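The values are calculated or read from the model by the stated rules, or taken from the named source; none is laboratory data. The structure presented is a predicted model; accordingly, all values stated were derived computationally and were not measured. Note that each Cβ is placed from the backbone with ideal geometry, even for glycine, and that neighbours are counted across all protein chains shown. Just so you know, the surface numbers come from the protein's heavy atoms only, side chains and all, with ligands and any DNA or RNA stripped out. Shrake-Rupley method; radii C 1.70, N 1.55, O 1.52, S 1.80 Å.
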Amino acid sequence: SKTDDTLEIVRWNDNVVVTVVTNCIPLEPMKTTVRYSRVEKKKIDIRMPDSVASYNQHMNGIDLNDQFVSTYHCSIRSKKWWGPFFSWAVDCSCVKGWLLYRRIGKNIPLLEL
């Protein structure tokens, strides 16, 4: 862990190396999580930084947005360098609006937008 005045960079070894940069969640307190150990052939408790635990807790919205953007993307073709970024911004706006619309209790298929 490396700490600056405003940023904290945490690197943690899970199944892959996870690097998290945060400016609001400290390294301590450490959380406890369960992982399977191939060496011991059983589940063991390991310590996880609070910033990684917080990311894991709140990543469902990000994954859901990425899933819908990749499934229903608009096909705006452009020769400009910013074309894909503009297309992605339109896709994200549509998906976020649809998710908010569903959250208030309305049910409309995403393809009808």
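How much of the accessible area of the stretch 1-102, probe 1.4 Å, is carbon plus sulfur, in whole percent? Taking all protein chains in place, the stretch 1-102 shows 56 percent carbon and sulfur surface. For the stretch 27-43 and the stretch 94-113, what is the centre-to-centre distance using only Cα atoms, to the nearest Å? Using only Cα atoms, the two centres lie 38 Å from each other. Dipole magnitude of the chain about its Cα centre, charges +1 at Lys/Arg Cβ and -1 at Asp/Glu Cβ only, in debye to the nearest 20? About 420 debye. Of the chymotrypsin sites (Phe, Trp or Tyr not before Pro) found in the stretch 55-97, those that fall in a DSSP loop while having at most 16 other beta-carbon atoms within 10 Å are 72, 81, 82.
For residue 11 and residue 108, the FRET efficiency from 1/(1 + (r/R0)^6), where r spans their Cβ atoms and R0 equals 30 Å, is about 0.10. Most mobile of 21, 95, 39 per a Gaussian network model of the chain (Cα springs, under 10 Å)? Fluctuation is largest for 39.
What ranking of 14, 50 comes out by heavy-atom accessible area, probe 1.4 Å, highest first? Can you show the working numbers first?
On the way: 14 55, 50 30 Å².
Result, largest first: 14, 50.
Solvent-accessible area of residue 64, all protein chains in place: 70 Å² (probe radius 1.4 Å, heavy atoms, ligands and nucleic acids excluded).
Going through [x] 50, 34, 30; [y] 82, 23, 20; [z] 65, 39, 16, the figure that equals Cα extents along the principal axes in Å as computed for the structure here is [x].
Toward the positive end of the charge dipole of the chain, with +1 on the Cβ of Lys and Arg and -1 on the Cβ of Asp and Glu, the farthest Cα among 58, 110, 26 is that of 110.
Pairs of Lys residues in the chain that lie 8 or more places apart, or on two chains, and have C-alpha atoms under 25 angstrom apart add up to 5. Here the gap between residue 59 and residue 85, fully extended at 0.36 nm per residue and compared with their Cα-Cα distance, gives a gain of 7.2 nm.
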